[in-house]
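Read through the structure below, which is laid out as structure tokens, and then see the notes.
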Amino acid sequence: MALVKDLDYQMEVILSGVVDCLPEGDLRAKLERSIAEDRPLRVKFGVDPTRPDLHLGHAVPLRKLRQFQDLGHTAILLIGDFTARVGDPSARDVTRPQLTAEEVRANAETYAQQAFRILDRDRTLLEYNSRWLAPLTFEELLKLTSHFTVARLLERDDFARRYAENLSIGLHEFLYPVMQAYDSVALRADVEIGGTDQIFNLLAGRELQKALGQEPQSVITLPILVGLDGEKKMSKSLGNHVGLTDPPEEMFGKLMSLDDRLMPDYFRLTTALEPSEVESIVRDLETGSLHPAGAKRRLAREVVGLYWGEEAAREAERAFDRVFVERELPEEIPEVVVYDDDLREERIWLPRLLVLAGLASSTSEGKRLISQGGIRLNGEEVADEDREVPVEDLDGLVIQRGKRHFRRIKRLRNGLKPV
């Protein structure tokens with residue numbers, strides 16, 4: 001793709017949703033020179049594959065990298081298969097557990113597959129930092145570390161806090177910013193993207209590039225995406241996430257539950273809309289000329305469309321309306337078989353049925369869901385956490401958890417569960 005020659009437009013797109021662009025004026029100067037020389041910038045985003053599944057929070061820097069890509073620059077997706085074995089200490093109160101090479105390899109493969117749901121695979125340089133970090137000799141590592149001081153490393157908020165509280169800091173954790181900085185040297189990065197929690201590591205890359213005779217990279221930081229609850233950062237463990245591989249209907253439904261206050265950030269950080277259009281939507285929300293429910297629908301359509309296509313987004317919206325506006329059941333409900341040996345005296349305890357149906361991880365969670373009013377049987381809310389379902393009511397029973405999760409029970413008569 002040809003380099004976009006409009007400097008002001010490039011700056012508008014790149015700075016949309018950004019927290020920091022450091023040092024001031026550096027990126028604009030780089031872009032100006034890039035346009036004059038018709039030389040795309042090398043833009044790096046690195047990630048350690050410490051988990052296999054990605055959500056919209058992980059997608060925020062990937063979307064920014066895609067914007068650079070669409071402006072004609074060279075996007076570099078760096079998989080930290082070597083640094084993942086150390087573990088990034090950023091925003092940590094304790095040392096991360098170290099992953100095995102096998103765990104890192106499996107996560108890296110999944111990460112790359114999901115990242116290319118956002119990035120253009122044909123226009124992305126995919127790199128692994130084991131290529132240059134693994135061959136480093138001890139002598140070469142000593143030369144790199146000579147450009148850093150312990151005092152400087154202890155300026156990091158996480159290290160300073162742990163040191164002040166007499167908490168353990170592994171020596172290998174001090175090497176992490178050195179390794180990430182060397183990534184920028186090895187890739188000759190012009191720009192590096194990261195979350196606000198990465199600013200120390202990103203600036204370390206500038207310092208090492210300068211020390212080794214390279215032009216220092218510009219640094220761009222992006223906010224940490226708050227989860228659907230409007231309180232804590234998006235996290236799978238907190239259940240406030242939207243997964244990149246969530247089915248379209250589930251993704252749409254989750255976004256419709258988004259806290260209204262978060263919509264401006266979500267429009268800026270999770271969609272591919274032009275910055276001017278996003279700001280128009282935000283203004284309309286602020287003045288009340290656009291109802292939050294309508295804006296949320298637009299947001300959900302945009303995000304689902306990015307990952308599954310426009311037709312899937314339209315069908316997800318229709319499915320949402322059938323269930324939540326027209327109060328109809330979804331057209332397709334996963335079926336769960338209940339066998340004779342699941343029963344006790346021709347009935348089954350509802351919390352256990354929820355576990356069998358995959359709607360609760362344990363009977364304790366099942367009881368909690370029932371007591372909180374989160375379970376319906378054939379559309380009727382259940383309040384008794386000790387409820388037992390008789391065998392004659394099982395076949396065809398529709399269980400609903402919350403607003404989006406449904407299961408239809410099929411009772412297999414005279415059948416025993418396969419071993």
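The values are calculated or read from the model by the stated rules, or taken from the named source; none is laboratory data. Please read all numbers here as calculations on a predicted model, not as lab measurements. For neighbour counting, all protein chains shown are included, and Cβ atoms are generated from backbone atoms with ideal geometry for every residue, glycine included. Just so you know, the surface numbers come from the protein's heavy atoms only, side chains and all, with ligands and any DNA or RNA stripped out. Shrake-Rupley method; radii C 1.70, N 1.55, O 1.52, S 1.80 Å.
Observations
- Among the residues of segment 13-70, the ones that are among the small types (Gly, Ala, Ser), open to solvent by less than 60 Å² (accessible area, probe 1.4 Å) and more than 17 Å from Pro216 (Cβ to Cβ) come to 4 in all.
- Unmet criterion (only one of (1) open to solvent by 70 Å² or more (accessible area, probe 1.4 Å); (2) in a strand (DSSP E or B)) for Glu311: (2)
Yes/no matrix, rows are residues, columns are (1) among the basic types (Lys, Arg); (2) open to solvent by 50 Å² or more (accessible area, probe 1.4 Å); (3) closer than 30 Å to Leu41 by Cβ:
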| site | (1), (2), (3) |
| --- | --- |
| Arg105 | yes, yes, no |
| Gln113 | no, yes, yes |
| Ala151 | no, yes, no |
| Ala160 | no, no, no |
| Leu167 | no, yes, no |
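- Residues (open to solvent by 80 Å² or more (accessible area, probe 1.4 Å) and within 11 Å of Val389 (Cβ to Cβ)) located in segment 350-374: Arg352
- Glu215 being modelled with pLDDT of 90 or more, in a helix (DSSP H, G or I) and among the acidic types (Asp, Glu): no
- Taken together, Gly72, Gly46 contain a single residue that is small (Gly, Ala, Ser) and assigned to a loop (DSSP other than H, G, I, E, B), which is Gly72.
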